[in-house]
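Each remark here refers to the structure printed beneath this line.
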Amino acid sequence: MSVVTTERHGDVLVIISNNPPVNALGAAVRGGLKAGVEEALADDGIKAVVIRCDGRTFFAGADITEFTKAPVPPSFPEMIETIENSPKPVIAAIHGTALGGGLETALSCHYRVAVPSAQLGVPEVKLGLLPGAGGTQRLPRVAGIEAAVEMCATGNPVSAAKAESLGLVDLVAEEGKLAETAIAFARECVARGPRKSSAMPVKGDPAYIESFTKANARKFRGFDAPAANIACVEAATRLPFEEGIAFERQEFMKLMMGSQSAAQRHIFFSERKASKIDDVPEDTKLRDIRKVGMIGAGTMGGGISMNFLSAGIPVTILEMKQEALDRGVGLIRKNYEATAAKGRMKPEQVEAAMSILTPTLDMADLADCDLIIEAVFENMDVKKEVFGKLDAIAKPGAILASNTSYLDVNEIAAATSRPQDVLGLHFFSPANVMKLLEVVRGAKTAPDVLATAMAVAKKIRKVAVVAGVCDGFIGNRMLKPRQIEAMKLLMEGATPQQIDKVHVDFGMPMGPFQMSDLAGVDIGWHRDPTRIENVRDALCAVGRWGQKTGKGFYDYDEKRNPTPSAEVQAIIDDFSARSGAVKREIGDEEIIERTLYPMVNEGALILEEKMAQRASDIDVVWVYGYGWPVYRGGPMFWADLEGANKIKAGLEKHGFAIAPLLAEKAASKGRFN
Ligand code: T1G
């Protein structure tokens, strides 16, 4: 059956796309829309046209999977021109998410009707692209310069109500009455006739573009696409429409041919691929997760709880002492209220979330929970004791999860009589903010438990990646060689600020030492200030525990701005002298070779040991868990661009043992992804 059909409703022809899952505008859909409009023009009995979609959403954009294939006509411009040049009014009926080429198709229509729940946006910038079907030229004419530059450069959608206020939507229909409302509205438009967006004057103040660009310079640092989007909108303010379209096309092709868009599209699909478990059928029956138990109301326990509360899932939170419990519950409320103060949450939503949080000091209150997560002190004996007790209390079939960041989940599971119900759920701090969730699969974790965990992750809006049981799972395991080498480079003459700058210039949000100060230099420290065996011990011994004490590898002012410390440099120099290391000038390239290449090497080992299902999963972990620049696609995608042979040579130069899989890729000029 054709993905696009037409229905005649009196003098209105309705063109319907049915191309699940998101009505992507692949060639068949474009062809169907063009043919539908031509059918309407050839029929004198038809006075107006409605374009709508079956399924969950209006067109969600071009079919991204087509980008790497030979183009199939009709092209977007051909389809868009057919619609816009129709002498009979064409109305877009929008529900779900009208995104990218979908919104551009709606903009080529003469009028737009949407239901209140609809979202309209041009998220191409998130794929390293820009709206390449006239969006950057029509939006400034229909919605105004301010909205256009914000929508194009950030990729954030607007609601139907906002769209109506902008003039992007002409009528908001009642939920469930979109089709009939659009048909009736189409009839009203017959007398008004077609209204071409491209013929409208650009509205708004071009000066806004410069202020917007300045205000977002930091956020767009390193990305190519935001600037290109802004340039296209700016072109619309001074060029005739057709010249603006030509400029847009030129800028679109530049981005499409660049590595950043390939990287960002890689992450788009990799994020979705990560949710699939290769050896667990997609139709595996899931366990019902209606109530969650949280053991530990500290920073992690509170943050983890918020994810479930925000998704409307009740949480019973357990602490040992009333004071700790009260502090934890208070911190959850404080975090919600801070979000509400920024306008990102309504006060009633805060109360709704808090109303389904049940604090307790009695583990027996977790007996009816379907999923119980522990976030207690990171010590194996403590965790085994907790799971032993849980085993006696939790109902049969409850999923028992540890939030451990590196401990052996199999050993924890062995402390229970139900290892098949045990796995790791490694949240990243702050747990209510960071998107990444490493789902750690124990040797005995049941397939339905794993599948349920992945489904719950999606429900609480996390990006989940399955990891095997090894020290540090995926992310922290790759972080380790980077931190070790960074410390060695200090002994050989590099400074913390030099190493951090190389990483920040690469696109990371911070370097190894800034990260250490943020997380806490004292993590894993033996806490004996008289035992000083390395730089870290020496820093901790003098209270340099990181940002939380106002000083770590750097000194911090009240706004937590870092400045290099002479005291730290003296400590480094002292250990360097004692280590016998020969101090020398160290170049940035060597820092990359000795801190990023070993991560790729570790990633290759992770793949060989099947601690990750696929290289793209490793990329997702680093983009969502550590801020690896999405325009570089993750460590393994970046390694493919660098070339395995270049990475192997760089590692050999510095005496690293080469992972067999990396050696294999180098020899065969193969790629990880
Ligand atoms: N093309 C192809 N496949 C797509 C797709 C697209 N545009 N969007 C989604 N999918 C697949 C996705 O891979 C997944 O596949 C399934 O649909 C469900 O998606 C010319 C150049 C619409 C908000 O950037 O933001 O138009 O894993 O899991 O969470 O100017 O999908 O099931 O096999 O994400 O409900 C611009 C991208 C394209 C929108 C729905 N459009 N999509 O989210 O489901 S470029 C976008 C999304 C463009 C023009 C330019 C989301 C969604 P599978 P999902 P969801």
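The values are calculated or read from the model by the stated rules, or taken from the named source; none is laboratory data. Bear in mind the structure is a predicted one, so any value in this text is a computation, not a measurement. Neighbour counts are summed over all protein chains in view; Cβ atoms, including those assigned to glycine, are modelled from backbone coordinates with ideal geometry. The protein model used for the area step is the full one, side chains on, heavy atoms only, and it has no ligands, DNA or RNA in it. Shrake-Rupley method; radii C 1.70, N 1.55, O 1.52, S 1.80 Å.
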**Prompt:** Here are some residues: Gly193, Gly132, Gly155, Gly121. Which one is more than 16 Å from the ligand (Cβ to nearest atom) and either under 30 Å from Lys254 (Cα atoms) or at pLDDT 95 or above (or both)?
**Reply:** Gly193
**Request:** Within the stretch 85-130, count every residue that is at negative phi, surrounded by fewer than 22 Cβ atoms within 10 Å (Cβ to Cβ) and out of contact with any Leu (no Cβ under 8 Å at 6 or more places or on another chain).
**Result:** 4
**Request:** Keeping to the stretch 217-274, report how many residues are within 25 Å of Tyr624 (Cα to Cα), open to solvent by 40 Å² or more (accessible area, probe 1.4 Å) and of a type in the set (Lys, Arg).
**Result:** 5
**Message:** Can you tell me which residue is farthest from the ligand (Cβ to nearest atom) among those in the stretch 87-102 that are outside any loop (DSSP other than H, G, I, E, B) and either without any contact (Cβ under 8 Å) to a residue 40 or more places away in the chain or more than 22 Å from the chain's Cα centre (by Cα) (or both)?
**Reply:** Ile91
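Restricting attention to the stretch 56-84, which residues are surrounded by 16 or more Cβ atoms within 10 Å (Cβ to Cβ) and not in a helix (DSSP H, G or I)?
Across the stretch 56-84, the qualifying residues are Thr57, Phe58, Phe59, Ala60, Gly61, Ala62, Asp63, Pro74.
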**Prompt:** Would you pick out the residues in the stretch 461-476 that are open to solvent by less than 30 Å² (accessible area, probe 1.4 Å) and either over 21 Å from Gly442 (Cβ atoms) or not in a loop (DSSP other than H, G, I, E, B) (or both)?
**Reply:** Val463, Ala464, Val465, Val466, Ala467, Gly475
**Asked** Just one of the numbered conditions (1) assigned to a helix (DSSP H, G or I); (2) crowded, with 21+ Cβ neighbours inside 10 Å is not true of Ala455; which one?
**Response** (2)
**Request:** With the condition kept exactly as written, say whether any residue in the stretch 181-189 is surrounded by fewer than 23 Cβ atoms within 10 Å (Cβ to Cβ) and in a loop (DSSP other than H, G, I, E, B).
**Result:** no
**Message:** Filter the stretch 441-452 down to the residues that are closer than 23 Å to Asp283 by Cβ, open to solvent by 40 Å² or more (accessible area, probe 1.4 Å) and not in a helix (DSSP H, G or I) and list them by number.
**Reply:** Arg441, Lys444
**Request:** Go through (1) open to solvent by 30 Å² or more (accessible area, probe 1.4 Å); (2) of a type outside the set (D, E, K, R); (3) touching a residue at least 12 places away in the same chain (Cβ under 8 Å) and name the single condition Gly670 misses.
**Result:** (1)
**Fill in**
Okay, helices (runs of 4 or more DSSP H) sitting entirely in the stretch 483-592 with 1 or more residues that are open to solvent by less than 60 Å² (accessible area, probe 1.4 Å), closer than 25 Å to Met434 by Cα and at pLDDT 95 or above, I get 496-506, 512-519
**Cβ pairs under 8 Å, 6+ apart, first in the stretch 313-326 and under 14 Å from Met300 (Cβ atoms), second at pLDDT below 95 and surrounded by fewer than 22 Cβ atoms within 10 Å (Cβ to Cβ)** = Ala324/Gly298
